[in-house]
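Below you'll find the structure, written out as structure tokens, and then a few comments.
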2 protein chains.
Amino acid sequence: MSTSSPLKIVVVGSVAAGTSAAAKARRNTETARITVYERDHDISYSGCGLPYFVGGEVETIDELTPRNAAWFKARYDVDVRTGHEVTAVDAAARTVTVRDLATEETFEDTYDELILATGVRSVVPPLPGVDLPGVFTVRNPSDARAIREWIEERQVRRAVVVGAGYIGLEMTEQLTERGIEVTVIEALEHAMPRMDADMSARVDAELRKHDVDLRLGTRVGAIEGDDGGVTGVRVGSADDGDTVPTDLVIVSVGVRPNLELAQQAGVTIGPTGAIAVDPQGRTDVAHVWAVGDVAESFNLITDEPTWVPLGSTANKMGRITGDAITGGTLEHRGILGTSIVRVFDLAVAQTGLTEDQARAAGYDVEVLHNIKPDRPEYLGGESLLIKAVADRATGRLLGAQAIGASGADKRIDVLATAITYGADVADLFHLDLAYSPTYATTKDPVHYTGMALDNAIRGKARLITPAELDRHRADGEKVQVVDVRSAKDRAKGFVEDSVHIPLAELRARAGELDPAALTVTYCNKGVTGNAGQNVLRNLGFEQVYNLSGGNKNYQAWTSAH
Amino acid sequence: MSTSSPLKIVVVGSVAAGTSAAAKARRNTETARITVYERDHDISYSGCGLPYFVGGEVETIDELTPRNAAWFKARYDVDVRTGHEVTAVDAAARTVTVRDLATEETFEDTYDELILATGVRSVVPPLPGVDLPGVFTVRNPSDARAIREWIEERQVRRAVVVGAGYIGLEMTEQLTERGIEVTVIEALEHAMPRMDADMSARVDAELRKHDVDLRLGTRVGAIEGDDGGVTGVRVGSADDGDTVPTDLVIVSVGVRPNLELAQQAGVTIGPTGAIAVDPQGRTDVAHVWAVGDVAESFNLITDEPTWVPLGSTANKMGRITGDAITGGTLEHRGILGTSIVRVFDLAVAQTGLTEDQARAAGYDVEVLHNIKPDRPEYLGGESLLIKAVADRATGRLLGAQAIGASGADKRIDVLATAITYGADVADLFHLDLAYSPTYATTKDPVHYTGMALDNAIRGKARLITPAELDRHRADGEKVQVVDVRSAKDRAKGFVEDSVHIPLAELRARAGELDPAALTVTYCNKGVTGNAGQNVLRNLGFEQVYNLSGGNKNYQAWTSAH
């Protein structure tokens, strides 16, 4: 970089991270020359909003693409060249080869610093028929426009969504709300497979409640149809599969980073399959940076490389690198993989490590399922389930998953903030959160979560998950399971092989139980079970566990296994 | 306390803190004998829910009083004696004198540990007519029942609410939603006077938007009426006041701790006027503890004694003392005064120090008004205003106030959590919060708040509040105010004596400005103003400030002063 001429920054890609980097660089300096090359027509669009345009909640695509090249030029003096594809990089010469897709002309441009923000592409499995008209992925505004046109022109009545991750679920909801009958085909055992199975099973139930034909553990064999369009999706193997008739197929089985330029530049790809970068976005090739979905991040808890392509993280990475290139000191501090998706009437959210991830990372985990209304029921509060995971050795909160009609986003954001500061579960009870019955309960679900986990780890109110209970039983251990609910509640369903002693009788009837045996108390959701647990423990029972999430969680777990 | 007999705990008061203390003590030990004396009939009720019973959002009072003495006995083996008033304490003898209000019999009871949870009473100013039928305070279920009966029997059409704090505002909303015309009389200059004036002015506007007759800076001279009931409220002085005709008066001018027993026991009252306690709830008299609204707390930031009577804090204090009395180690960690109230279509929330409080505490404060949609506008997101205050010397976030149609509770809880961990404003940008356009923007309002404050303190994007701008002008300083908006936006209103140079022309026309003068850029809400600020600063302007919250905040401030 010459000292006499202004810094020249070239950015490849303009969705979230690329434009964030360019804008931040300009905020820091008026003298840099900044050029952004974008293969596509649209820039700086909200990819996460696309399903809502397809569904019609967003009326025009312009709402998702509020900014264009002229806006960027006027505001930031940044040259955004849409319809320009960067086809090659020469990192030694610091040049890129650019093709103007309109004129097919090719030219070279030089850079002092190059930022790769090339994003991801949708994975398209090599299925027979995957190229038929009426088969779509959902990556950019063109896709969304094409899907909505297809739906409206063909008067689509049936759709198949392949893959039940975020995009698949959002599309399923939006298509259903348009009155389209949707079949979801997911190769894994549950929708939303990033969550623990006992949580994602609740997402399955929500889909089915809304008449979605959910086919789990199922693969697509082929897509059927002709030049006139898709007509069906064959599931299972070529031999024994049946065909789901359909007018539309959405393929949402995941995304992969666009690595071509990075590989050409010789940068190292990390263990996650995305570009390895330092906390400011530097690759291991001089003057080449990578930001957004194409680049790797790292987990704030484990410090391990991780790759969770999300617009929120992409924006952060762009801003950090735009700052670093112009002399700033911002550094990425890692992510928690915090995410949320609306699935019909439920918010489905998570942050930090799932139970599975925590166990895989070697933690001795304590697990709680907290089921509480998000606001008092007298003001319409509805049940919110928080599954939280903590490290028994240190008490550190490791992660949380939440599902509920309202307030899940708030609790996950509070817990994400607490985890960021290394929160001990004992801290949560002390948080001074905003209480009014219009917004929360006197003790917030976050407080209860912390109290129960702290009692489990440090107090004597240990928790047992349905999975752990079943493991003990499968191992042939004597387990004394005590249902402390009322007769009325028990009549609605109970944990098999449990004895029934209502809490109000427990002090008097404790003699009927074996104080030396492994004892599990339970109620509907966990609170009365914990009261029973305390009674027995204080009466000298040696090993008393409370069933996490009570009978409600046990039944959900059982039905999912 | 004898070692041979079980610990005997006496609790006076059973609303929130008293029952929390009793329950926690029992969870820790089966052997203690625990008695709770309650003067009233109802126990463990949701005081904060009372206005919603009056308004009819809550149908029956039973929903607010779900627990009774029998429930406590069955669940916790705690004897709750309602209709029993503790009339005296002998701390040396460790006895209390109790009167059974039904039989008028008086007896003595002994204790090993005494917990005062005597709560607060409503302040009733000594006004002429304050005892007339139809004049109410709102403390307990009996009050709420009486008010609702009065409204229904009298077919109340007009009400006067005296005092515009939490209860006053909740009652105003609920009465209005019943179709009653409400006049609010507040002695201070704004509704919600706990907030900074530039925020509470927005509460004033919301009340007026809903046709509430809001009379600020106004005192009640007398209440008029006869044995048949209240007929009017005379405002102002006896001489020049006018009379507001009314069928109902709600007096909500504050609460005061019930200190009689504490004073009799000889415990020290703290500087806030509530009982001084240590972090476990001990008073300075042996074996006498105090919890809940009657006791003092301390501010987590300043460490100073503070008194903010709220159910959430009362519950915490009760649990902590219940634990401490039975050998636990829980300690109160202080509060942030976090609170929230719904005022018609807005949530009004705050945590930590206000600007006024921070200045009074001696901080050199940086102040930001961040105005952003809580979700993308394409999915119906509405404007959310966050006023945040930070310490310039250290970058520490000191407090936040938020007003908006949705999402204010979430952001205040996230910021309260961050403040609890001593967050630097630079931390906020890095928080990995849950993003989906159905719940948040890609960069969350919390991120923007942190970025702008960090830029103001550590970067070069300094902020100026409307109040500060006016102070500079009043001091006769030359201030060059630059409106960087479009002509269309400017036509709708602008900061007086500002020059108009749209951002897109600013680079070219910067020569029209004096680079040595104090310069203030602004736009509608702050973002474009910041872009203009960056342009000028990078072009060598020495002192460029961005107007916090833009023209929108300036106009709100101007109309409030």
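Brief remarks follow.
- Computed across the stretch B:117-170, the Kirkwood hydrodynamic radius from all distinct Cα-Cα pairs reaches 12.6 Å.
- To the nearest ten degrees, helix A:17-28 and the longest principal axis of the Cα atoms of chain A are 70 degrees apart.
- Principal-axis tilt of helix B:408-420 within chain B, Cα atoms, nearest 10 degrees: 80 degrees
- Interchain or long-range residues, amide H under 5 Å from A:ALA191's placed H: A:ASP204
- Annotation note: chymotrypsin sites (Phe, Trp or Tyr not before Pro) in the stretch A:117-182 located in DSSP loop regions with a Cβ neighbour count of at most 12 within 10 Å are absent.
- In sequence order, calculated HN-Hα J values of the stretch B:203-216 (Karplus, 6.51, -1.76, 1.60; Hz; x Gly/Pro): 5, 3, 4, 5, 4, 5, 4, 9, 6, 7, 7, 9, 10, 9
- Within the full protein context, the accessible area of A:ASP514 is estimated at about 50 Å² for a probe radius of 1.4 Å.
- Exposed-loop-free span, longest in chain B, where GluC sites (Glu not before Pro) count as exposed if DSSP calls them loop and at most 14 other C-beta atoms lie within 10 Å: B:190-330
- Mean accessible surface per residue for the stretch A:135-253, computed with a 1.4 Å probe while every protein chain stays in place, in Å²: 41 Å²
- For the set A:VAL233, B:VAL253, the ranking by accessible area, highest first and with no ligand, DNA or RNA atoms included, is B:VAL253, A:VAL233 under a 1.4 Å probe.
- Residues of the stretch A:254-292 with amide N under 17 Å of the 7 Å Cα→Cβ point at A:THR106: A:260-262, A:264-265
- Taking other residues whose beta carbon is less than 15 angstrom from the beta carbon of B:ASP204, and scoring Lys, Arg as +1 and Asp, Glu as -1, yields -4.
- Cα centroid separation - the stretch B:513-561 against the stretch B:301-371, whole Å: 33 Å
- Label-point spacing at A:ARG208 relative to the other copies reads 5.7 nm, in ascending order, each point sitting 7 Å out from Cα along Cα→Cβ.
- Residues of the stretch B:314-347 that lose at least 30 Å² of accessible area (1.4 Å probe, protein heavy atoms only) when the other protein chains are present, relative to their chain alone, are B:ASN315, B:LYS316, B:ARG319, B:ARG333, B:THR338, B:ILE340, B:ARG342.
- Amide H to amide H distances under 5 Å link B:THR521 with B:VAL482, B:TYR545, B:ASN546, B:LEU547, where only residues 5 or more positions off or on other chains count and H is placed in the peptide plane.
- Fraction of accessible area attributable to carbon and sulfur, chain B (%, probe 1.4 Å): 47 percent
- Of every Cα-Cα pair in the stretch A:262-316, the percent that sits beyond 19 Å: 19 percent
- Counting only Cα atoms, the stretch A:366-505 measures 43, 39, 25 Å along its principal axes, largest extent leading.
- Area hidden from solvent between B and A (accessible, protein heavy atoms only, 1.4 Å, total, Å²): 7300 Å²
- Exposure of A:SER142 as accessible area (Å², to 10), given a probe of 1.4 Å and all protein chains: 50 Å²
- Mean separation of Cα contacts under 8 Å (6+ apart) over length of the stretch A:135-253, as relative contact order %: 32 percent
- Across the options B:ALA274, A:PRO376, A:PRO502, the greatest Cα extent toward the positive end of the charge dipole of the protein assembly as shown (unit charges at beta carbon of Lys, Arg, Asp, Glu) belongs to B:ALA274.
- Cβ-based net charge around A:GLY407, under 11 Å, with every Lys or Arg adding one and every Asp or Glu removing one: -2
- Spacing of the two label points (7 Å from each Cα toward its C-beta) at B:ALA187 and A:ILE269, in nm: 7.3 nm
- For the stretch B:462-559, the percent of C-alpha pairs falling in each 10 Å distance bin, counted from 0 to the bin holding the largest distance, reads 18, 56, 25, 1.
- Rounded to 5, the percent of DSSP beta bridges in chain A classed as antiparallel: 55 percent
- Taking only the alpha carbons of chain B, we obtain Rg and Dmax values of 26.8, 89 Å in that order.
- Contact order normalised by residue count of chain A, Cα under 8 Å, 6+ apart, percent: 11 percent
- Gyration tensor over alpha-carbon atoms, the protein assembly as shown, equivalent ellipsoid semi-axes in Å: 52, 40, 27
- When the stretch B:20-109 is reduced to its Cα atoms, the Kirkwood hydrodynamic radius in Å: 14.8 Å
- The local environment of B:ILE457, defined by Cβ-Cβ distances under 14 Å, has a net charge of -1 under the rule Lys, Arg +1 and Asp, Glu -1.
- B:MET199, B:MET451, ranked by accessible area, largest first (probe 1.4 Å): B:MET451, B:MET199
- For the stretch B:1-50 versus the stretch A:417-472, the gap between their alpha-carbon centres in whole angstrom: 23 Å
- Spatial separation of Cα centroids for the stretch B:61-116 and the stretch B:383-408, in angstrom: 43 Å
- Across every pair of non-identical alpha carbons in the stretch B:135-253, the mean reciprocal distance, once inverted, gives a Kirkwood radius of 14.3 Å.
- With a 1.4 Å probe rolled over the protein heavy atoms of all chains, the accessible area of A:LYS488, B:LYS8 falls in the order A:LYS488, B:LYS8, largest first.
- Placing a label point 7 Å from Cα along the Cα-to-Cβ axis, B:ILE269 is separated from the same position in the other copies by 7.4 nm, shortest listed first.
- Backbone amide hydrogens, once placed in the peptide plane, bring A:LEU346 within less than 5 Å of nothing, excluding anything fewer than 5 places away on its chain.
The values are calculated or read from the model by the stated rules, or taken from the named source; none is laboratory data. This structure is a prediction, so every number in the text was calculated from the model and none was measured. No Cβ is skipped: glycine too gets one built from the backbone with ideal geometry, and neighbour counts run over all protein chains shown. Note: accessible area is taken over every heavy atom of the protein model, side chains too, but ligands, DNA and RNA are not part of it. Shrake-Rupley method; radii C 1.70, N 1.55, O 1.52, S 1.80 Å.
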